[in-house]
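What follows is calculated from the coordinates using simple rules that are stated; it is not laboratory data. Nothing here was measured: the structure is a model prediction, and the numbers come from that model. A quick note on method: Cβ atoms are made from the backbone with ideal geometry, for glycine too, and the neighbour counts reach across all protein chains shown.
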Amino acid sequence: MSHKTLTGPGIGLALAAALALAPAPALADLMIVGGDNKIGFDDTGVKLLAPGNDVVSVIDIGTDPESPRIIANLALMNSLFGPPTNLVITPDERLALVANAMKWVADGDGWKPKPDNRIHVIDLSGDRPRLIDTVVVDRQPSGMAINRKGDLALVAHRAGNSIGVLAIEGRTVRLIQTVEIGEQVAAVAIAPDGRRALVAKFPGHKIAVLDIADGRVSHDPALDMPVGLWPYNIKITPDGTLALSADNGNKGRSDGHVDTVSVIDLTTTPPRVIDRVVVGDAPEGLAISPTGRIAVAILLRGSAAVPPESWFYNRNGSVVVLEIDGKSVRRIGEIEVGGLPEGVVFSPDGSHIYIGNFVDSNISILKVDGTEVTNTGRTLALPAPPGSMRGTTP
């Protein structure tokens, strides 16, 4: 079944020109960015704007990691709502999946969001990335993960209180199972061996453990682990020994108070929380380096939807650097980036970090030297505010 890309008059000549960008080189080390032009911010808070101008950007970060290059921009609806992990790229860079959490419906003279149920399937293998299918899933698909084999993906259905299991065969993606969790779920991560997954139970302040065997997924609530308040993101180290959860603290927003990253030991039976690291106000984006030496938590830090006169307002958010030494995780630094930072991606070799700044419609480029992280001051302009970002699954 074929589907047309979503377009709108606001895309204009700039996007038309961007759609004609150079073709993607094979295995270029790609990053995909979901741009949401339906959300704006001013001194009074969030503004719901007209739909039709969202952009999904495909970016080459391998040819020159310090100067990433936009390969293509696709006019596809996607959403800032939820954690910045609503999209994935297969390990062979054949496909990208982009979940659209919310659709826009008319509300008098304005607009309002309503849970959607679609995942866009993008073919990355040809001369130009293109939409090839749209898969219908449960309500409000949000955080996603894909296994290292590239044949199975999981998606957290926030409004559906479930996890969707997607089978990937060539360029065909289909929903094969829905696992009922019984409460709202925001994000999911799959272990490197593909036999286990972790799910952020957002309002339950817990991380659920899923077993994966023979393409089937099961959940034992007895293994749920309590973490910090409002876990919004979850990641697993490359060796599979630890998991980290970004405990947002205030339902996905800043409140000026410190929050934590919880540390989970995956080598024990059952897995268990062994530490909580204080990072700052409202961690949302979260990523672990391919080297396994550091992780970064992205702090909203009162950088949007907060009145400027508020005691915890900041123009910009920040990146907190966490050193990983065995099962010990500690905070070693903080770097300011742009307004309302959301998604974060490491380059495949771990030498660079890319941070999506929603308010500024750009990406900050950071340099990594061992465990030291510095802001290069370089940015990449985007055609839409970045609400989510993912690199190629290792």
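Once you list every other residue whose beta carbon is under 9 Å from the beta carbon of ALA99, what net charge do they have if Lys and Arg are +1 and Asp and Glu are -1?
Details: positive: ARG118; negative: ASP116.
For residues surrounding ALA99, the net value is 0.
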Residue exposure sequence - LYS251, LYS327 - by fewest surrounding Cβ within 10 Å: LYS251, LYS327
With n ≥ 4 as the cut-off for DSSP H runs, can you work out [θ] at 222 nm for the chain, using -39500 (n - 2.57) per run divided by the number of residues, rounded to the nearest 500? -500 deg cm²/dmol
Under 1.5 on a/c is rounded, so check that first for region 249-394, then, if it is not, pick prolate when a/b is larger than b/c and oblate when it is not; a ≥ b ≥ c are the square roots of the alpha carbon gyration tensor eigenvalues. oblate
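Please grab the % of Cα pairs in region 112-229 that end up more than 24 Å from each other.
Working: 1777 of 6903 pairs.
Taking all Cα-Cα pairs of region 112-229, the fraction more than 24 Å apart is 26 percent.
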Among PHE41, PHE312, PHE358, which comes first, then next, by fewest other beta-carbon atoms within 10 Å? PHE312, PHE41, PHE358
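Net charge near THR268: determine it from the other residues with C-beta under 14 Å of the C-beta of THR268, scoring Lys and Arg +1 and Asp and Glu -1.
Values: positive: ARG196, ARG272, LYS327; negative: ASP265, ASP275.
Here the charged neighbours net out to +1.
Could the peptides 334-343, 95-104 be put in order, highest first, of the mean number of other beta-carbon atoms found within 10 Å of their residues? If you can, show how the numbers build up before the last one.
Working: 334-343: 23.2, 95-104: 25.1.
Highest-to-lowest ranking by the protection proxy: 95-104, 334-343.
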Connecting C-alpha atoms closer than 10 Å in a GNM of the chain, tell me which of SER67, SER310, SER361 has the biggest fluctuation. SER310
Karplus-derived 3J(HN,Hα), 6.51/-1.76/1.60, for each residue of region 169-185, Hz, glycine and proline x: 10, x, 9, 9, 10, 9, 7, 10, 7, 10, 9, 6, 9, x, 7, 5, 10
Mean-square fluctuation maximum in Gaussian network of the chain, Cα pairs under 10 Å, restricted to ASP281, ASP369, ASP211, hits ASP369
Ranked on Cβ counts within 10 Å of their own Cβ, fewest leading, THR269, THR260 go THR269, THR260
With just the Cα atoms defining each centre, how far is region 37-52 from region 78-135? Give it in Å. 19
Starting from the 7 Å offset along Cα-to-Cβ, what nm value, one decimal, do you get for the label separation of GLU183 and THR268? 2.1
Go ahead and set up a Gaussian network model of the chain, Cα springs under 10 Å, then flag whichever of THR237, THR371, THR134 fluctuates most. THR371
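Over the chain, what relative contact order in percent results from Cα pairs under 8 Å that are six or more residues apart?
13
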Potential lengthening between ASP220 and ARG331 on full extension [0.36 nm per residue; Cα-Cα distance subtracted]: 36.7 nm
